[in-house]
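The values are calculated or read from the model by the stated rules, or taken from the named source; none is laboratory data. What you see is a predicted model; the values in this text were computed from it and never measured. Every residue, glycine among them, receives a Cβ derived from its backbone with ideal geometry; neighbour counts consider all protein chains shown.
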Amino acid sequence: MNDYDASVVRLTNEHETMNYLNEFRPRRLFYLAGKRYRRTLKYWAQRVRGNHQVNKTPVFVLGCQRSGTDMTIGVLEQSPATWTYNEANPRAFRQNRLRDDAVIHRLIDNSDAPVVVFKSICDSHLANRILRGFETARIVWVYRHYADTANSTVRKWDGRQKEVLGRILRQEKLTHATWIAEHLNDEDIALIEQLYRPDMLPEEAAALFWYFRTKLYFDLRLHKQPQVSLAKYEDMVTQPTQSFGELFRFLGLPFDPTCVAGVSSSSVRKQPFPEVASQIKAICDELLERVDAQYRQEMAARIGSR
């Protein structure tokens, strides 16, 4: 199989096997087995068809955790013209971080798909380095309302963001989440010092986490880069054909509406958001308004250029 990811022909990779066997949820195991089977068929179809395109398009899906990046890459996976890698794939990632550029270039070069997608959200703060390292790259920056993002974060990780913020202020070493602090500047640290409280709600810490990760889009001046596109979660799940149609067009992919057949809007404002500190709500509301305005501007410009 040459340089092909051998894990694709097994039921699961080691990471997924341990997770799912520990939880012992047969329905999820069945779903995963089906997913692996479809991925294997896709791989061989691409091998048979072959791809002689010299300049392939690497796509990096970035944004804040729990913003809909899983759903986005799941839809992109449905295209016969893509090959995807998420953070659990050890060939492209180590501890959720992209491996060296040389490794990623090799995966791209050896792929039979014209578009190779990496879900690399822990490297979102390195977006400009990614653009410099991959000449034909495209970046999809997924964002979602901070309330739903924070609620989803707390459901998955409980109070981990609150713990991390406290450790950052105490200048304690972060062992498995160093990427969280890599992009923080003095102004960011000062804001954490102002807003952090030992008794703060986990949702407040998660909202702050959303704030720092989302404002990277402007801090890194990605809104000035034509190779970068915003993708709004709420639009993708409530208007999937239109929204993903635009996204596929941006990536140079043919769009088939069957790719979004499984998209659901059930998670939009699924649960109420608790009353949070007014300062935290204010900065998140302001940033959300700014991102929404930029998204509308990008979509209008893209549609107007056709």
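Summary table
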| item | result |
| --- | --- |
| Condition met for Ser243 (modelled with pLDDT of 95 or more and outside any helix (DSSP H, G or I)) | no |
| Residues of the stretch 252-306 that turn out to be in a helix (DSSP H, G or I), among the hydroxyl-bearing types (Ser, Thr, Tyr) and over 18 Å from Val228 (Cβ atoms), as a count | 2 |
| The stretch 112-135, subset buried (at least 19 other Cβ atoms within 10 Å of the Cβ) and of a type in the set (Gly, Ala, Ser), residue farthest from the chain's Cα centre (by Cα) | Ala113 |
| Hits in the stretch 109-143 (condition: modelled with pLDDT of 95 or more, closer than 22 Å to Ser79 by Cα and aliphatic (A, V, I, L, M)) | Val115, Val116, Val117, Ile121, Ala137, Ile139, Val140, Val142 |
| Residue in the stretch 221-243 that is among the aliphatic types (A, V, I, L, M), assigned by TED's automatic domain parsing to the domain that holds Val164 and closer than 30 Å to Arg167 by Cα present | no |
| Positions within the stretch 96-111 being crowded, with 16+ Cβ neighbours inside 10 Å and in contact with a helix residue (DSSP H, G or I) (Cβ under 7 Å, 6 or more places away or on another chain), in sequence order | Asn96, Leu98 |
| Helices (runs of 4 or more DSSP H) contained entirely in the stretch 111-206, each with at least 3 residues that are basic (Lys, Arg) | 160-169 |
